[in-house]
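None of the figures in this text is laboratory data; all of them are computed from the coordinates on show. Bear in mind the structure is a predicted one, so any value in this text is a computation, not a measurement. We place every Cβ from the backbone using ideal geometry, glycine too, and count neighbours over all the protein chains shown.
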Protein chains: 2
Amino acid sequence: MTHPAPHHPARHHQTAAILVIGNEVLSGRTREANAWLAAQNMFACGCRLCEIAVVPDQHDAIVSTLNRLRNSFDAVITSGGIGPTHDDITMEAVADAFAVPLIEHRFIVEAMTARYGADGMNDGRRRMTRVPQGSRLIRCEKTIAPGAHIGNVYVLAGVPDIFASQLDAIIHDFGDRPFHRREIEVKLPESLFAAPLESIQQQFDDVEIGSYPGRCGPDPCGKICLSSQNPDRLQQAFEQVSSMIDTLRD
Amino acid sequence: MTHPAPHHPARHHQTAAILVIGNEVLSGRTREANAWLAAQNMFACGCRLCEIAVVPDQHDAIVSTLNRLRNSFDAVITSGGIGPTHDDITMEAVADAFAVPLIEHRFIVEAMTARYGADGMNDGRRRMTRVPQGSRLIRCEKTIAPGAHIGNVYVLAGVPDIFASQLDAIIHDFGDRPFHRREIEVKLPESLFAAPLESIQQQFDDVEIGSYPGRCGPDPCGKICLSSQNPDRLQQAFEQVSSMIDTLRD
């Protein structure tokens, strides 16, 4: 009797959430960029991004949202609030979410002291040496102050180029099978193809099909977007949708 | 004995959340734009935006997130998922969140039938006539298919120019006292001004002060951002921060 090859268990996070911490996004001052970058990376590496949450620089909002998300999904990436100023309270909130103390990390103290000298270690820089007890550090070349990884939570900076660099440093923990995407431009009202599109969707439970109108009204224009972790099935669904749309065009 | 003028109670929503419904945002296909527009509008009209959540086109995720948000804040604006295709499930989810039936609204049926004729009322268009029972319609000039307002929830379209037009139609329900913002460009490391900035923040509990580095490292550049509903206090805080930064520059 032959045995099938053993199933290789998933070692990487299959689902994730992004928690953006920042009044500047909620006040409309800053257009959010980090969750967007992370979303593209999650898709490319094959981890399903299930929620993005943006909350203010408020301790209780961060703690409760982080606990909700980390209990719902395989992993959470946070963005923002790890600098030296009074509004940077993410590390403290993460420590409280995990009910561990916030400690000055010896390696960060040493690295920052080597860079700035003992005299340069003001309260602001001292603040940046603190991480939740038990964290692994997330280092990147863009900054001397690392992010922190504790449990299933990755605490990254909000400054976009630092976030991007730290994300590169952790992305290998996420996903096994990349998602792929195909799009079809359609110059028809959505209501004309809604029914046949739904029947195709029903045949492909491993392909996600969405319809995104760019312009409605008398001169409609939009896109049907298909994505899947299975390239063959994606191609089959793509061909069925393309052929259905071609039929309607005639 | 004279009485003070009666306090005019707030009639408008003071706090709000935005719920974006869309796989296209979570997959990184589309950069979110509607929450960003709404955030700017909320700030300008004086309603505090407390959370932005992005969830997939999944019934249970929409229902649970909407219920959490509408019980936490004065109002919730949703974006997306109200078109004619199979992935447009927001109206049904909102009805379920409120535990009311989804009904074909007579006015929408009449308007769409007048536009498309009885023969043009296919299943897709019929789908767009459905709103949660008890909804008021949110009309705008960009589309014949209205949004819906039920309880403290406003259900808007995801197509950006329709969302913008529908937001214009409801914005008068939000806010009483506009927020104002001032910014100061700073070419110093944040850690140098973190302590004095914190003491200024402690003197101004009605002014929100944030520090946003644009570039870290040897040639730092960033902005200190102050916002408040009280223009006089904002000006006072602005002057104190400016003067503090000038002192450090010398």
Quiz item: For labels at A:Glu110 and A:Asn152 in the simple 7 Å Cα→Cβ model, what's the distance in nm?
Solution: 3.3 nm
Exercise. Can you tell me the relative contact order of segment A:180-249? Whole percent, Cα pairs under 8 Å, sequence separation 6 or more.
Key: 41 percent
Quiz item: Once the Cα gyration tensor of segment B:15-173 is found, what semi-axes does its equivalent ellipsoid get, as square roots of 5 times the eigenvalues, in whole Å, sorted largest first?
Solution: 24, 16, 16
Quiz item: Could you state the number of Å between the C-alpha centres of segment A:34-50 and segment B:36-99?
Solution: 21 Å
Quiz item: Hey, what do the phi angles of segment A:91-104 turn into as Karplus ³J(HN,Hα) couplings, whole Hz, using 6.51/-1.76/1.60 and θ = phi - 60°, x for Gly and Pro?
Solution: 4, 5, 5, 5, 4, 5, 4, 8, 6, 10, x, 8, 10, 6
Quiz item: In the Gaussian network model of chain B, springs joining C-alpha atoms below 10 Å, which of B:Thr65, B:Thr30, B:Thr129 carries the largest mean-square fluctuation?
Solution: B:Thr30
Quiz item: Just B:Asp176, B:Asp123, B:Asp168 to compare: in a GNM of chain B, with alpha carbon springs under 10 Å, which one fluctuates most?
Solution: B:Asp123
Practice problem: Per residue of segment A:45-59, in order, report the coupling 6.51 cos²θ - 1.76 cosθ + 1.60 (Karplus, θ = phi - 60°) as ³J(HN,Hα) in whole Hz, putting x for Gly and Pro. | Solution: 9, x, 9, 7, 7, 9, 7, 10, 10, 10, 10, x, 6, 10, 3
Quiz item: Relative to the other copies, what are the label-point distances for A:Arg126, with labels 7 Å from Cα along the C-beta vector, expressed in nm at one decimal and sorted shortest first?
Solution: 7.1
Quiz item: Given the pairs A:Lys223/B:Lys142; A:Lys223/B:Lys223; A:Lys142/B:Lys223, which are separated by over 29 angstrom at their Cα positions?
Solution: A:Lys223/B:Lys223
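Full-extension gain between A:Lys187 and A:Arg126, please, as 0.36 nm times their residue separation minus the C-alpha to C-alpha distance.
Using 0.36 nm per residue and subtracting the Cα-Cα distance, I get 16.1 nm.
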Practice problem: Would you mind checking the tilt of helix A:190-203 against the longest principal axis of the Cα atoms of chain A, expressed as 0 to 90 degrees and rounded to 10? | Solution: 80 degrees
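Work out the length of the dipole vector of chain A about its Cα centre, built from +1 on the beta-carbon of each Lys and Arg and -1 on the beta-carbon of each Asp and Glu, and round it to the nearest 20 debye. Walk me through the numbers before you get to the answer.
On the way: 23 positive and 31 negative charges, 105 e Å.
For this selection, approximately 500 debye.
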Quiz item: If the label for A:Pro160 sits 7 angstrom from Cα along the Cα-to-Cβ line, what are its distances to the same label in every other copy, in nm to one decimal, shortest first?
Solution: 1.4
Quiz item: When chain B is turned about an axis onto chain A, which of its residues keeps its C-beta closest to that axis, and how many Å is it?
Solution: B:Ala53, 3
Exercise. With springs connecting C-alpha atoms under 10 Å apart, model chain A as a Gaussian network and identify which of A:Arg29, A:Arg182, A:Arg139 has the largest mean-square fluctuation.
Key: A:Arg29
Practice problem: Provide an ascending nm list, one decimal, of label-point separations from B:Ser199 to the equivalent residue in each further copy; define each label point as 7 Å from Cα along Cα→Cβ. | Solution: 7.5
Quiz item: How many percent of Cα pairs in segment A:1-100 exceed 16 Å?
Solution: 61 percent
Self-check item: Residue among B:Gly46, B:Val76, B:Ser64 farthest towards the positive dipole end of segment B:8-94, charges placed on Cβ
Solution: B:Gly46
Practice problem: Could you work out the mean count of beta carbons from other protein chains within 10 Å of each residue's beta carbon in B:41-48? | Solution: 2
Quiz item: How far is helix B:160-170 tilted off the main Cα axis of chain B, in degrees rounded to 10, range 0 to 90?
Solution: 80 degrees
Quiz item: If you project the alpha carbons of the protein assembly as shown onto the principal axes, what extent comes out on each, in Å, largest first?
Solution: 94, 79, 37
Quiz item: What do you get for Rg/Rh over segment B:180-249 if you use C-alpha atoms and the Kirkwood form of Rh?
Solution: 0.96
Quiz item: What fraction of the Cα pairs in segment A:74-121, stated in percent, has a spacing above 18 angstrom?
Solution: 46 percent
Quiz item: On a 0 to 90 degree scale, rounded to 10, what angle separates helix A:106-116 from the longest Cα axis of chain A?
Solution: 80 degrees
Quiz item: In percent, how large is the relative contact order of chain A, given Cα pairs closer than 8 Å and 6 or more residues apart?
Solution: 18 percent
Quiz prompt | segment A:121-250, Cα convex hull volume normalised per residue, Å³ | solution = 164 Å³
